[in-house]
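The values are calculated or read from the model by the stated rules, or taken from the named source; none is laboratory data. Remember, predicted model here, so these are calculated numbers, not experimental data. Reconstructed Cβ throughout: ideal geometry from the backbone, glycine too, with neighbour counts over all protein chains shown. Note: accessible area is taken over every heavy atom of the protein model, side chains too, but ligands, DNA and RNA are not part of it. Shrake-Rupley method; radii C 1.70, N 1.55, O 1.52, S 1.80 Å.
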Amino acid sequence: MITVLPQADLQPLHTFGLPVLARALVTLTDAAQLPQIMQLPEFNMNSVLWLGGGSNVLFAGNYPGLVVRMANRGIRLIEERQHEVVIEAAAGEVWHDFVQYTLRHGLSGLENLSLIPGTVGAAPVQNIGAYGVEVQSCIESVCCFDLTHGQFIRLLADDCAFAYRDSIFKHEGKQRYVITAVRFRLSRTFVPQVGYGDLARIVAQMSQTSPLSATLVAQAVCHIRQSKLPDPRILGNAGSFFKNPIVDLSVAQALLAQYPQAPHYPQPDGRVKLAAGWLIDQCGLKGHQIGGAAVHDKQALVLVNKHQATATDVVALARYIQTMVADRFGVMLSTEPVWLAG
Ligand code: EPU
């Protein structure tokens with residue numbers, strides 16, 4: 001039985017906490033309900049929004065279409081080998097709880113991605129990444145419902161076009177594939193990935209008193225995140241608000257000639273990734289506020305809902321930051337969360 005809520009309040013369903021309504025809301029608890037949802041009069045393949053934990057979406061106003069909240073749960077073992085397993089988690093599982101589950105079962109691979117807000121089903125969409133690891137490295141396949149053909153399919157990782165904060169689900173698969181579950185290939189043998197600056201330092205400190213393990217790395221990651229990133233339950237936010245820009249080598253060299261201390265990360269294709277947080281910070285924008293929206297004072301890449309922010313405040317602040325950074329550094333920042341028109 002599917003219940004359709006008209007004029008539904010979306011404020012508690014996305015982590016930025018903006019006061020917006022959806023034309024209609026359905027909560028899906030079983031992927032088998034998808035064919036029925038397609039039959040609803042409110043359903044329109046081009047405008048339906050599939051919502052996970054709402055940690056990577058920003059509403060520019062009321063949502064004029066149907067919102068389907070993916071709340072299906074379940075974790076199951078698919079395949080067990082000597083050193084690795086394939087494990088499937090339903091799209092509606094809470095990401096951090098799933099990471100904890102894998103650690104409790106002696107599986108490693110996802111520890112660097114601890115405490116990322118959102119659900120399992122949202123993880124492949126933007127190929128979530130942190131502390132030197134992107135989720136694509138552990139994804140075996142993504143289970144989807146193909147709205148075009150009305151059938152359940154499974155896309156292998158190689159078919160998902162994963163890239164930095166990007167995948168097929170942001171492009172040609174956007175209104176076509178509904179992610180129902182994700183299969184992960186995880187290891188029983190722990191291989192630490194602690195090359196990322198801050199993490200290397202904290203893990204080195206912690207491993208003086210406890211043995212180095214996936215759980216210890218997860219604890220170190222949680223420690224760093226909690227010290228820099230606001231908890232969305234306390235201060236509304238959508239994680240990093242802009243992508244770290246990837247620029248041509250000549251652009252990076254010109255910047256480095258002027259600012260030798262600028263963080264920069266050479267990419268395999270010869271281009272260079274810059275730290276958007278550093279660029280914003282250099283413009284003196286930490287703490288800058290427009291209406292109720294502000295730049296987080298501990299990490300300039302995160303915008304927060306300081307006090308009853310409206311969608312207009314967030315749009316104005318984002319545009320202001322983009323203009324300041326473009327004027328000073330000649331680099332255009334693009335937004336990381338998905339913007340949804342009102
Ligand atoms: N920096 C500043 N000032 C700031 C923020 C950053 O100078 O206000 C400098 C830092 O000192 C550092 C560099 O910029 O030298 C990079 O900062 P940080 O290590 O905090 O990481 P980030 O590049 O800002 C990215 C991800 C985060 C992820 C961290 C850790 C993106 C868009 N963001 O942030 O992901 O947690 O690395 O791996 O790639 C997210 O996507 O929502 C997210 C939080």
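Structure values in brief
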item	result
Fully extended contour minus Cα-Cα distance, from Ala60 to Lys286, at 0.36 nm per residue	79.1 nm
Rg followed by Dmax, in Å, when the chain is reduced to its Cα trace	20.4, 63
Fraction of antiparallel bridges per DSSP, the chain only, in percent to nearest 5	80
Where only alpha carbons of segment 114-186 are counted, the Rg and the Dmax (Å)	11.6, 38
Label point distance in nm, Lys298-Arg104, each placed 7 Å from Cα along Cα→Cβ	2.7
Segment 225-326: mean projected area of Cα convex hull, nm²	7.0
Inverse of mean 1/r across different Cα pairs in segment 194-255, Kirkwood, Å	14.3
Between segment 242-267 and segment 32-50, the Cα center-to-center distance that results, in Å	44
Kirkwood estimate for segment 147-248, i.e. one over the average of 1/r between Cα atoms, Å	17.5
Within segment 140-271: Cβ-based charge dipole about Cα centre, in debye rounded to nearest 20 (Lys, Arg +1; Asp, Glu -1)	340
Per residue, in Å², the accessible surface of the chain once ligands and nucleic acids are set aside, probe 1.4 Å	46
Under-29-angstrom lysine pairs by C-alpha in the chain, whenever the two are 8 or more apart or on separate chains	20
Accessible surface of the chain [probe 1.4 Å, protein heavy atoms]: carbon and sulfur percent	51
Approximate spin-label separation Gln7-Ser213, in nm, with each point projected 7 Å along Cα-to-Cβ	5.4
Size-normalised alpha-carbon gyration radius of segment 1-86, reference 2.2 N^0.38 Å	1.32
Spatial separation of Cα centroids for segment 291-306 and segment 188-220, in angstrom	29
